[in-house]
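Right, one structure below, let's go through it.
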Amino acid sequence: MNVLGIETSCDECSAAVVRDGHEILSNVIATQIELHKPYEGVVPELASRLHTEWIEQVVQAAIAKASLSVREIDAIAVTSRPGLLGSLMVGLNFAKGMAATLDVPFITIDHIRAHLYASQIEQPLQYPYLGLLVSGGHTVICKVNGYDDVDVMGTTIDDAIGEAFDKVAKHYGLGYPGGVVIDRLSKSGNPTAFLFPGNTMDEDHPYDISYSGLKSAVINQLDKFWDGKSEKSNENIAASFQRQAVGMLVRRVRRALKDTGMKRLSAGGGVAANSLLRAELKEFEKDGITVTFPSLKLCTDNGAMVAGLAWRYLKDGCRDDFTVGPSARVNAFKKQYD
Ligand code: KG4
Ligand code: ZN
């Protein structure tokens, strides 16, 4: 089954064709990053306008790169939630029009579940597993019992981890999006030049996490945490921030693995591309945990994760009708199809 997956929830205009859930025939990602750069963040009106201009070409390119004709597309999947409403609407309406014209099954996909599923496309992992979703909008530790069944154990109580990376980078004028730049600068920085505070684990909610304190310390109180001798360079700030941001998260994941006794772990979302996070999570393999991540291209927003997850739903007979609208809210944590 050739599934076309469309993703327009934020600033990536993407379409992919995935065959039988695992064979990625194409995954075209037209990023708007350069066009949002002058504003150092995503401008929703601009994002939806660009999606409107690009979507047709992106979908055509995905079908062409898959070496298929449009009549060989067997089903159409599209992200419908959560995300920027205007952006979601562009992909959703395009997908509905195409599915109606081709008369093929249509299904809407939750962006959060798609990120958590992405690694399954390349490296199938047996359920249940401990899931870590780290993106610009979410930080979630959860039990993934099945592709449509996610139990949240803990989340951020304020900023998402990706947001903290982006805000720190914006404050120091490092560039946008911040995660990638901080990851790169950190490689030549001293991670103990600043000993930024992490937040202590709350025994009542051990898997919850807060990033606003760390973010404020890095932005407003640099001198307070300086070791007094290292250079106050961007590289040292980046490496010290990244060490703590990743360390706080890894401590919670360790605790969740211990408490649940789970032996499998998978991470997803844009921040799962972070090299330090990947290296530290891999360390759990020494304790007998199987650890998987999506390849870098499947970490950030992409159509392949939408098409991959859609295949699982479609195989189980799930379909949507054309009345489904976009939603800014997260409902990934309720079972969708009972
Ligand atoms: O999943 P994603 O593409 O979009 C959302 O659903 O939010 O994630 C985007 C986030 C941004 O905050 C970006 O700075 C972060 O992922 N990111 C990274 C890295 N690459 C992207 N953060 C840390 N290290 C990276 N290498
Ligand atoms: Zn995302």
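The values are calculated or read from the model by the stated rules, or taken from the named source; none is laboratory data. Since we're looking at a predicted model, the values are computed, not measured. No Cβ is skipped: glycine too gets one built from the backbone with ideal geometry, and neighbour counts run over all protein chains shown.
Of note:
- Check on TYR117, over 18 Å from SER48 (Cβ atoms), in contact with a Ser or Thr (Cβ under 6 Å, 6 or more places away or on another chain) and either crowded, with 22+ Cβ neighbours inside 10 Å or of a type in the set (Phe, Trp, Tyr) (or both): no
- Selection from segment 95-118 of residues that are within 15 Å of THR300 (Cα to Cα) and either away from ligand 2 (no atom under 16 Å from the Cβ) or within 11 Å of the chain's Cα centre (by Cα) (or both): HIS111, ILE112, ARG113, ALA114, HIS115, LEU116, TYR117, ALA118
- Any hit, segment 221-233, residues being of a type in the set (Gly, Ala, Ser) and without any contact (Cβ under 8 Å) to a residue 24 or more places away in the chain: yes
- Selection status of SER210, under 23 Å from the mean Cα position of the chain (by Cα), hydroxyl-bearing (Ser, Thr, Tyr) and farther than 30 Å from VAL28 by Cβ: yes
Quick grid of which residues meet (1) in contact with a Ser or Thr (Cβ under 7 Å, 6 or more places away or on another chain); (2) surrounded by 23 or more Cβ atoms within 10 Å (Cβ to Cβ); (3) free of Cβ contacts under 8 Å to residues at least 12 places away in the same chain:
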position	(1), (2), (3)
ARG243	no, no, no
LYS263	yes, no, no
ALA267	no, yes, no
GLY270	yes, yes, no
ASN274	no, yes, no
ILE289	no, no, no
VAL324	yes, no, no
ALA328	no, no, no
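- The criterion of at least 2 residues that are more than 19 Å from GLY136 (Cβ to Cβ) and polar (S, T, N, Q) is met, among strands (runs of 3 or more DSSP E) falling completely within segment 1-85, by 23-31.
- Residues of segment 1-50 satisfying the condition of being within 16 Å of ligand 2 (Cβ to nearest atom), crowded, with 18+ Cβ neighbours inside 10 Å and of a type in the set (Ser, Thr, Tyr): THR8, SER9, SER14
- Counted residues, segment 86-114 - those being farther than 17 Å from CYS10 by Cα and part of a helix (DSSP H, G or I): 7
- Cross-chain or 6+ apart pairs with Cβ under 8 Å, segment 112-141 first and closer than 14 Å to LEU281 by Cα, then crowded, with 19+ Cβ neighbours inside 10 Å and of a type in the set (Lys, Arg): ILE141/ARG252
- Contact map, segment 142-163: residues that are under 19 Å from MET262 (Cβ atoms) paired with residues that are within 14 Å of ligand 1 (Cβ to nearest atom) and assigned to a loop (DSSP other than H, G, I, E, B), Cβ distance under 8 Å, separation 6+ or inter-chain. Pairs shown: VAL150/ALA332; THR155/HIS138.
- If you go through segment 215-257 and keep only what is of a type in the set (D, E, K, R) and over 21 Å from THR156 (Cβ atoms), you end up with ASP223, LYS224, ASP227, LYS229, GLU231, LYS232, GLU235.
- Taking residues in segment 179-202 that are among the basic types (Lys, Arg) and modelled with pLDDT of 95 or more, and partners anywhere that are within 16 Å of ligand 2 (Cβ to nearest atom) and in a loop (DSSP other than H, G, I, E, B), not one pair has Cβ atoms closer than 9 Å while being at least 6 places apart or on different chains.
- Taking segment 316-334 as the range and being in contact with a Lys or Arg (Cβ under 6 Å, 6 or more places away or on another chain) and modelled with pLDDT of 95 or more as the test, only PHE322 passes.
- Scanning segment 19-62 for residues being aliphatic (A, V, I, L, M) and under 30 Å from PRO124 (Cβ atoms) gives a total of 9.
- Entirely in segment 115-188, the strands (runs of 3 or more DSSP E) that have 1 or more residues that are within 19 Å of ARG251 (Cα to Cα) and within 13 Å of ligand 1 (Cβ to nearest atom): 129-134, 139-146
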